[in-house]
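Asker: There's a structure below that I have some questions on.
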Ligand SMILES: *Cc1c(COP(=O)(O)O)cnc(C)c1O
C-alpha cells in the first residue's frame, strides 16, 4: 500500500510541474484519482494521504465501496466517469457529486427528474466523443452547442464543463485542444481530460481535471 501512496505523491508532483510549465497555478488542476476495480482497502490509504477527489466507472461498484469510505471521509468528492444507463440515474444522483458522462437527451431528462425528486444537484459535465468513435459514448463535437442549449432550455440543467476520452491509437493533443476550444466557446469552466498516459499534455492544453488511475493504483 505504501507503493500507492508513493505513486500518488509522484502524480501530484507531475501535475504541479505540468501546471507550472504551462504558466498555470498548480491549484488550477484537480486530480481525480480513478479507483475503479480497486477495493476499499486500496482506496483508504489514498484518502488517509489527503486525496479527496475520486472517479468510479460503475454505479454498482461505487454503491458497494463508497458509503463506508464516505462515512469516514465525509469531504470525499466522487465523480462518475463511466457510461451511465438511464435506469441508473437515481443511484447516480444519490451517490455522485459530479457526473462527467452526460451524453444524451434521454439521460439529461432522467437526471433532471431525479435531481428534482431528491433535491440533490451533482455537478454535470457533457462527455464529448472528440474522435467520433462509434463504440464510445459522448456527444459529437459539432453537436455540443445544441446539446448544451437543450440541457439548459428543455431539462433545466446547468452544465459545468466537458469531458473527453481521446482515441487510444491517436496522439491526444488535437483532441485536448478541440475540447478546450469547445469549452471556451461556451463559457464552460471545467475541462476534464488526460489519463495516466497523457495527463501532462492535457494540463498543457487546459485541463482543469485529470483522471488518473493506473499511475496511482497500479495495473488493473
Ligand atoms: C479508467 C479511466 C480513466 C483512468 O485511466 P488510467 O489510464 O488508468 O489512468 C480515466 N477516465 C476514464 C473515463 C476511465 O474510464
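Read-outs: derived from the displayed coordinates by stated rules, not from any lab. What you see is a predicted model; the values in this text were computed from it and never measured. Here the Cβ positions follow ideal geometry from the backbone for every residue, glycine too, while neighbour counts run over all protein chains shown.
Asker: How much length is gained on full extension from residue 3 to residue 113, taking 0.36 nm per residue of separation minus their Cα-Cα distance?
Answerer: Working: separation 110, 0.36 × 110 = 39.60 nm, distance 4.27 nm.
That pair, residue 3 and residue 113, stretches by 35.3 nm at full extension.
Asker: While we're on this one: Please identify, among 107, 125, 31, the residue showing maximal mean-square fluctuation in a Gaussian network model of the chain using a 10 angstrom Cα cutoff.
Answerer: Of the options given, 107 has the highest mean-square fluctuation.
Asker: Please say if region 171-213 is rounded, prolate or oblate, where rounded means a/c under 1.5 for a ≥ b ≥ c the square roots of the C-alpha gyration tensor eigenvalues, and otherwise the choice is prolate for a/b larger than b/c and oblate otherwise? Walk me through the intermediate numbers first.
Answerer: Working: a/c = 2.67, a/b = 1.56, b/c = 1.71.
Cα axes put region 171-213 in the oblate bin.
Asker: Can you classify the chain as rounded, prolate or oblate using the Cα gyration tensor, where a ≥ b ≥ c are the square roots of its eigenvalues, rounded means a/c under 1.5, and otherwise it's prolate if a/b beats b/c and oblate if not? Before the final figure, lay out the partial values.
Answerer: Details: a/c = 1.75, a/b = 1.13, b/c = 1.55.
Note, shape of the chain comes out oblate.
Asker: Can you give the FRET efficiency to the nearest 0.05 for residue 28 and residue 120, using r as the Cβ-Cβ distance and R₀ = 30 Å? Walk me through the numbers before you get to the answer.
Answerer: On the way: r = 27 Å, r/R0 = 0.90.
That gives a FRET efficiency of 0.65.
Asker: If each of residue 16 and residue 189 carries a label point 7 Å out from its Cα toward its Cβ, how far apart are those two points in nm?
Answerer: Output for this residue pair reads 2.4 nm.
Asker: Taking 8 Å as the Cα distance limit and 6 or more residues as the minimum spacing, I'd like the relative contact order of region 1-84 as a percentage. Please report the intermediate quantities before stating the final value.
Answerer: Details: 82 pairs, mean separation 22.8, N = 84.
That works out to 27 percent.
Asker: Which shape class, rounded, prolate or oblate, goes with region 1-129 when its Cα gyration tensor gives a ≥ b ≥ c as root eigenvalues, a/c under 1.5 marks rounded, and past that a/b bigger than b/c marks prolate? Don't skip to the end; give the middle numbers.
Answerer: Working: a/c = 2.25, a/b = 1.44, b/c = 1.56.
In terms of gyration-tensor shape, oblate.
Asker: List the relative contact order of the chain as a percent without decimals, with contacts defined as Cα pairs under 8 Å and 6+ residues apart. Working shown, then result.
Answerer: Values: 405 pairs, mean separation 46.6, N = 220.
Averaging sequence separation for qualifying contacts and normalising by length gives 21 percent for the chain.
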